[in-house]
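Student: Let me give you the structure first, and then I'll get to my questions.
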Amino acid sequence: MASPVLDARTAALADKAPLSRRTRVSDLPEVRWAALSAVAFLLALPLDLAGAPAWAWGPLYAVCYVAGGWEPGWEGLKALREKSLDVDLLMVVAAVGAAAIGQYLDGGLLIVIFAVSGALEALATRRTADSVRGLLDLAPARAVRLTSAGAEESVDVTDLRIGDTVLVRPGERLPADGTVLDGASDVDQATITGESLPTAKTPGAEVYAGTLNGTGALRVRVDKDAAGSVIARIVALVEEASATKAPTQLFIEKIEQRYSVGVVVATLALFAVPLALGGDFASVLLRAMTFMIVASPCAVVLATMPPLLSAIATAGRHGVLVKSAVVMERLGTVDRVALDKTGTLTEGAPRVTAVEGDPEALALAAAAELPSEHPLARAVVAAARDRGLRVAEARDFTSVPGEGVRATVDGREVRVRRADGGHDDTAVEVVVDGDRVAVLTLTDRLRDGAPEAVAALARLTGTTPTLLTGDNAGAAGRIAERTGITDVRAGLLPQDKVAAVREWERAGSRVLVVGDGVNDAPALAAAHSGIAMGRAGSDLALETADAVVVRDELATVPAVVALSRRARRLVIQNLVIAGTCIGALAIWDLAGYLPLPLGVAGHEGSTVLVGLNGLRLLRDAAWRKAAAGE
């Protein structure tokens with residue numbers, strides 16, 4: 001099946017339209033039909049109330065009924081063909097029944113409010129898709145394809161086919177996933193794989209669409225089309241958000257069928273019994289239609305999805321892509337958190353922590369690295385400047401992808417290249433005039449806000465998070481001490497992480513695992529909920545996780561958990577509101593006389609109310625409160 005978001009990208013590329021803009025309200029067909037229905041109703045209403053002839057307001061009511069009722073009516077008929085009674089069909093039948101007895105205004109009001117409710121839900125759903133469109137902009141719109149004769153041609157990336165060869169010049173983003181055929185360069189893959197350092201690419205190396213090429217030119221064979229790229233797979237994580245229903249919604253749908261049949265049977269009884277006893281046809285039909293309207297469970301059905309979809313959209317705007325409404329609901333129930341170390345609590349940005357050998361070597365290395373944009377080079381230069389060292393001017397600078405740099409500094413040849421480091425560090429050796437004079441140790445940095453995020457998760461769950469890592473105990477202990485974690489489990493293989501998660505689950509805990517690597521994927525899958533760090537995350541972790549932190553901001557993890565809990569509270573509020581309104585109106589109609597306009601306004605008003613109540617989470621204030629732990 002084609003991807004809606006990818007289809008949108010294809011259309012946007014063809015029209016030269018930016019994908020990053022937010023969807024306008026007017027872009028949604030549900031909104032346009034609801035608006036047309038509402039406008040026609042508002043134009044007909046004053047003419048009807050003023051006693052104008054039917055030819056003046058009748059066509060306007062017809063437009064109102066058709067514009068607002070054709071889609072739910074059609075969907076209801078399709079459901080009926082599958083031997084399922086849809087609530088949408090009940091609403092349309094009730095409106096048509098009202099019109100059949102001359103209550104055109106009342107039926108029109110029902111259609112308009114029901115159409116507006118559907119438009120609000122569609123708007124909340126579309127906001128979820130908007131939250132991931134920025135990911136698609138990572139890949140360029142055009143690519144340089146090489147013909148069999150070696151000529152260059154500029155084509156849309158959507159026209160690339162598996163087996164094509166593309167030319168990627170220095171500083172350009174790669175247009176497709178593929179394999180390097182010729183050339184050498186360092187490629188920044190942070191947006192896809194999360195690697196903090198550019199990766200040397202030589203013939204045979206795998207590359208990804210959207211990654212940034214370094215100083216060399218590459219010829220790349222296209223191995224995947226746009227729909228199969230890594231970017232497309234990340235987008236696919238959230239495309240199920242609107243389609244997947246939360247457990248509460250699924251429960252409602254289970255009882256909806258029986259409830260709808262019960263409403264139909266009761267409506268027929270309210271019509272047939274009084275009519276058989278000699279009641280007036282019009283008044284009997286009006287009362288039966290009123291009961292059908294007020295007893296239909298549309299408000300209950302809409303009580304669950306708007307809050308969860310709104311929470312998904314809001315989280316997406318702030319860098320957390322939640323895969324489904326099920327996930328959004330489950331996140332709010334976690335009571336234990338397990339965190340990975342490298343790429344999760346640490347950010348992968350290195351800094352110089354030790355200099356072994358000649359103390360002057362750091363200044364020489366910084367001078368040689370100064371023209372380079374490599375992260376290791378920036379770390380070395382920053383360390384020299386932090387120590388107040390003089391960084392001399394270098395001449396004859398040369399950078400060889402995968403090998404390091406060479407330059408002449410104060411008449412001496414200085415080479416800086418990577419060497420074998422420890423389990424938790426990166427080592428860089430400094431060679432002056434052919435002799436190795438020093439080794440610089442660079443260590444991964446703790447993410448900003450990591451201690452605060454750990455403390456926030458502890459407050460939310462009542463239990464301090466656990467550190468699960470494959471790193472050695474020494475490195476894990478240092479990070480745990482700096483973040484306030486007391487429970488550390490180091491040196492774990494993937495199966496060991498899974499065993500720990502299952503142990504907690506068997507004890508009754510609902511575990512949230514936050515990780516980024518291939519070795520975290522089994523634990524992400526085994527946990528009650530899993531969140532992957534988007535930039536640092538491996539493909540497997542991104543595919544396995546329930547949610548993705550796109551910008552690797554660890555503070556968003558407790559924020560999305562708190563947002564989920566707010567959404568769950570809104571769901572409960574909505575169910576209480578909907579159940580109370582339906583019960584009160586149904587009892588009123590059965591025990592006395594409930595005017596149809598009041599029944600329509602009360603029932604459909606409650607539907608709009610629960611919809612708007614759920615959409616409250618679309619506001620940025622909802623995220624700020626969640627981030628603040630309110």
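Student: Name the residue, out of D433, D471, D444, that is surrounded by 17 or more Cβ atoms within 10 Å (Cβ to Cβ), among the acidic types (D, E), in contact with a strand residue (DSSP E or B) (Cβ under 9 Å, 6 or more places away or on another chain) and within 30 Å of A365 (Cα to Cα).
Tutor: Working: D433 fails: surrounded by 17 or more Cβ atoms within 10 Å (Cβ to Cβ); D471 fails: in contact with a strand residue (DSSP E or B) (Cβ under 9 Å, 6 or more places away or on another chain).
Within the list D433, D471, D444, the selection yields D444.
Student: Consider the stretch 451-468. How many of its residues are under 19 Å from L524 (Cβ atoms) and either open to solvent by 50 Å² or more (accessible area, probe 1.4 Å) or small (G, A, S) (or both)?
Tutor: 1
Student: Can you name every residue in the stretch 570-579 that is polar (S, T, N, Q) and either under 22 Å from I111 (Cα atoms) or modelled with pLDDT under 80 (or both)?
Tutor: Residue satisfying the conditions is N574 alone.
Student: Still on this structure, please answer the following. Looking at the stretch 40-86 only, could you name the residues that are among the aliphatic types (A, V, I, L, M), under 42 Å from the mean Cα position of the chain (by Cα) and open to solvent by 80 Å² or more (accessible area, probe 1.4 Å)?
Tutor: L42, L43, V66, L77, L80
Student: Being surrounded by fewer than 16 Cβ atoms within 10 Å (Cβ to Cβ) and either in a helix (DSSP H, G or I) or of a type in the set (K, R) (or both) is the filter here; which residues of the stretch 380-403 pass it?
Tutor: A382, R385, D386, R387, R390, R395
Student: Filter the stretch 198-214 down to the residues that are part of a strand (DSSP E or B), under 17 Å from H374 (Cα atoms) and open to solvent by less than 20 Å² (accessible area, probe 1.4 Å) and list them by number.
Tutor: If the condition is that a residue be part of a strand (DSSP E or B), under 17 Å from H374 (Cα atoms) and open to solvent by less than 20 Å² (accessible area, probe 1.4 Å), then K201, N213 are the ones that fit.
Student: Return the residue satisfying two criteria in turn: it lies in the stretch 146-170 and is in contact with a helix residue (DSSP H, G or I) (Cβ under 8 Å, 6 or more places away or on another chain) and not in a loop (DSSP other than H, G, I, E, B), and of such residues it is surrounded by the most Cβ atoms within 10 Å (Cβ to Cβ).
Tutor: Among those residues, the one meeting the criterion is V157.
Student: Within the stretch 343-377, track down each residue that is surrounded by fewer than 20 Cβ atoms within 10 Å (Cβ to Cβ) and of a type in the set (D, E, K, R).
Tutor: R351, E356, D358, E360, E373
Student: When both residues are 6+ apart or on different chains and their Cβ atoms are under 6 Å apart, which pairs have a first residue that lies in the stretch 488-513 and is surrounded by 18 or more Cβ atoms within 10 Å (Cβ to Cβ), and a second that is assigned to a helix (DSSP H, G or I) and among the β-branched types (V, I, T)?
Tutor: V511/V501
Student: Could you check the stretch 171-189 and list, in sequence order, the residues that are touching a residue at least 60 places away in the same chain (Cβ under 8 Å) and open to solvent by less than 30 Å² (accessible area, probe 1.4 Å)?
Tutor: Matches in the stretch 171-189: S185 only.
Student: So which residues in the stretch 325-342 are farther than 24 Å from G462 by Cα and open to solvent by 10 Å² or more (accessible area, probe 1.4 Å)?
Tutor: T342
Student: Of the conditions (1) modelled with pLDDT of 75 or more; (2) closer than 26 Å to L47 by Cα; (3) aliphatic (A, V, I, L, M), I113 clears all except one; give me its number.
Tutor: Of everything listed in (1) modelled with pLDDT of 75 or more; (2) closer than 26 Å to L47 by Cα; (3) aliphatic (A, V, I, L, M), I113 misses just condition (1).
Student: Report the residue count in the stretch 544-553 for those that are on the phi < 0 side of the Ramachandran plot and open to solvent by 10 Å² or more (accessible area, probe 1.4 Å). Steps first, answer last, please.
Tutor: Here is the first cut: in the stretch 544-553, the ones on the phi < 0 side of the Ramachandran plot are 544-551, 553.
Within this subset, residues satisfying the condition of being open to solvent by 10 Å² or more (accessible area, probe 1.4 Å) are 544, 546, 550-551, 553.
Summing the residues that are on the phi < 0 side of the Ramachandran plot and open to solvent by 10 Å² or more (accessible area, probe 1.4 Å) in the stretch 544-553 gives 5.
Student: Let me ask something else. Restricting attention to the stretch 441-471, which residues are outside any strand (DSSP E or B) and of a type in the set (D, E, K, R)? Before you say what the answer is, go through the steps one by one.
Tutor: The first filter runs over the stretch 441-471 and keeps only residues outside any strand (DSSP E or B), leaving 447-465, 469-471.
Hits for the stretch 441-471 are R447, D448, E452, R459, D471.
Student: For the structure I just gave you, tell me whether V414 is more than 41 Å from the chain's Cα centre (by Cα), surrounded by fewer than 22 Cβ atoms within 10 Å (Cβ to Cβ) and in a strand (DSSP E or B).
Tutor: no
Student: Follow-up question, since we're still on this one. Which one is modelled with the highest pLDDT among residues in the stretch 581-621 that are under 25 Å from A311 (Cα atoms) and open to solvent by 50 Å² or more (accessible area, probe 1.4 Å)?
Tutor: Taking the candidates together, the pick is R616.
Student: From the list A363, A377, A438, A407, pick out the single residue that is outside any loop (DSSP other than H, G, I, E, B), aliphatic (A, V, I, L, M) and under 43 Å from the mean Cα position of the chain (by Cα).
Tutor: Numbers: A363 fails: under 43 Å from the mean Cα position of the chain (by Cα); A438 fails: under 43 Å from the mean Cα position of the chain (by Cα); A407 fails: under 43 Å from the mean Cα position of the chain (by Cα).
Sole residue among the options that is outside any loop (DSSP other than H, G, I, E, B), aliphatic (A, V, I, L, M) and under 43 Å from the mean Cα position of the chain (by Cα): A377.
Student: Oh, and also: Checking D420 against (1) more than 23 Å from L554 (Cα to Cα); (2) modelled with pLDDT of 90 or more, which test does it fail?
Tutor: (2)
Student: Still on this structure: Test A122 against the criterion of being modelled with pLDDT of 80 or more, among the small types (G, A, S), in contact with a helix residue (DSSP H, G or I) (Cβ under 7 Å, 6 or more places away or on another chain) and surrounded by fewer than 22 Cβ atoms within 10 Å (Cβ to Cβ), and give yes or no.
Tutor: no
Student: Farther than 20 Å from A349 by Cα, free of Cβ contacts under 8 Å to residues at least 40 places away in the same chain and open to solvent by 20 Å² or more (accessible area, probe 1.4 Å): does that describe A541?
Tutor: No, not satisfied.
Student: Would you check which residues across the stretch 556-569 are within 11 Å of A626 (Cβ to Cβ) and either of a type outside the set (V, I, T) or touching a Lys or Arg at 6+ places or on another chain (Cβ under 8 Å) (or both) and list them?
Tutor: P558, A559, A562, L563, S564, R565, R566, A567
Student: Name the single residue that is modelled with the lowest pLDDT among those in the stretch 514-526 being hydrophobic (A, V, I, L, M, F, W, C) and open to solvent by 10 Å² or more (accessible area, probe 1.4 Å). Before you say what the answer is, go through the steps one by one.
Tutor: Within the stretch 514-526, the subset hydrophobic (A, V, I, L, M, F, W, C) is 514, 518, 521, 523-526.
Applying the additional criterion that residues be open to solvent by 10 Å² or more (accessible area, probe 1.4 Å) yields 518, 525-526.
On the way: V518: 63, A525: 81, A526: 83.
Within the stretch 514-526, the match that is modelled with the lowest pLDDT is V518.
Student: Based on this model, can you work out whether K83 counts as assigned to a loop (DSSP other than H, G, I, E, B) and of a type in the set (D, E, K, R)? Give the steps one after another, and end with the answer.
Tutor: On the way: assigned to a loop (DSSP other than H, G, I, E, B): yes; of a type in the set (D, E, K, R): yes.
Yes; evaluated as a whole, the condition is true for this residue.
The values are calculated or read from the model by the stated rules, or taken from the named source; none is laboratory data. This one's a predicted model, so the numbers in the text were calculated from it and none came from an experiment. In this analysis, Cβ positions are derived from the backbone assuming ideal geometry, glycine residues included, and neighbour counts consider all displayed protein chains. Accessible surface is based on the protein model in full, side chains and every heavy atom, while ligands, DNA and RNA are left aside. Shrake-Rupley method; radii C 1.70, N 1.55, O 1.52, S 1.80 Å.
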